[in-house]
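Every number here is computed from the coordinates shown, using simple stated rules; none is lab data. Keep in mind it's a predicted model, so treat the numbers as computed, not measured. Note that each Cβ is placed from the backbone with ideal geometry, even for glycine, and that neighbours are counted across all protein chains shown.
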């Protein structure tokens, strides 16, 4: 899926309209202060090797379906990966991420392994996705909208919709995968609004391990998701109106790009210096 988005209008007038993505809603659930930095302030974040690798793999798995079926094999996927890598990795990115000798080659090899794993799970010569990088949007009323980009949408021979989302990170325990499923449940609602029927399956495809987690949402699940999204958007609207951003310190903070400026950490003796981050041009 795409990078998250958040569009907020009407803050000056007090009538707030919000367009959210699953990623930004997950940020808010994790930590309102993180949501503020990413969605409201839109502060830049340093590139990361996992994000770069995941983007390159996603690009290759999208591009493979541009080819005739007979050409969809690992070698052509590797070629698509190489092309994506060259587009994504400029001199500045290479200097920021790959300071150790051989580290870029190691990252690239891991990306190839993700693609090799995918070919053990699916044969792209046997099917045509209905859509790749599918843009979806739904208005929930009261100035609330949800939008995003779905990795892949398929349809079974029986006419059922299937959502697939690729993950390049480590596979979590099933009970700890709810954050990822929250995003896919949101996309299931968006697909249902677009097509008039709930997807039969939503799939998390973990390319590091080859595990696939599947849930089968019902129409009742779709409506529960809709209610959850409305409640979450309402909470976001209230926080924006009050400007009451409260950090939620937890283990995630050790990996947060904004720890050095976060109010929860800047007064602690082991915190990084609170240096102001530049706003994007």
How far, in nm, would the chain grow between residue 227 and residue 125 when pulled straight, counting 0.36 nm per residue and subtracting the alpha carbon separation?
32.8 nm
If I model a spin label as a point 7 Å beyond the Cα along the Cα-Cβ vector, how far apart are those points for residue 45 and residue 209 in nm?
2.3 nm
Area projected by the alpha carbon convex hull of the chain, averaged over all directions, nm²:
16.7 nm²
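For the stretch 130-204, what is the Kirkwood hydrodynamic radius in Å, using each pair of distinct C-alpha atoms?
Details: mean 1/r = 0.0764 Å⁻¹.
Kirkwood hydrodynamic radius for the stretch 130-204: 13.1 Å.
So what is the calculated 222 nm ellipticity per residue for the chain, using -39500 (n - 2.57) for each DSSP H run with n of 4 or more, over all residues, to the nearest 500 deg cm²/dmol?
Values: 8 runs with 111 residues, N = 281.
One gets -12500 deg cm²/dmol as the mean residue ellipticity at 222 nm.
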Label points 7 Å out from Cα along the Cβ direction at residue 133 and residue 96: separation in nm?
2.0 nm
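Peptides 115-121, 258-264: what's the order by average Cβ count within 10 Å, highest mean first?
On the way: 115-121: 15.1, 258-264: 17.4.
Final packing ranking: 258-264, 115-121.
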Which of 201, 58, 255 moves the most in a Gaussian network model of the chain with Cα springs under 10 Å?
255
For the chain, what proportion of DSSP beta bridges, expressed in % and rounded to the nearest 5, is antiparallel?
70 percent
What FRET efficiency, computed as 1/(1 + (r/R0)^6) with R0 = 41 Å and r the Cβ-Cβ distance, is obtained for residue 244 and residue 88, rounded to the nearest 0.05?
0.60
If each residue's Cβ is checked for other Cβ atoms within 10 Å, how do 76, 55 rank with the fewest at the top?
76, 55
Which residue fluctuates the most in the chain, going by a Gaussian network model with Cα springs under 10 Å, if the choices are 196, 169, 148?
196
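Take every Cα pair under 8 Å in the chain that's 6+ residues apart, average their separations, divide by the length, and report that relative contact order as a whole percent. Write out the running numbers ahead of the final one.
Working: 416 pairs, mean separation 58.8, N = 281.
So the answer I get is 21 percent.
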At what distance in nm do the modelled label points of residue 78 and residue 235 sit from each other, each positioned 7 Å from its Cα along Cα→Cβ?
4.7 nm
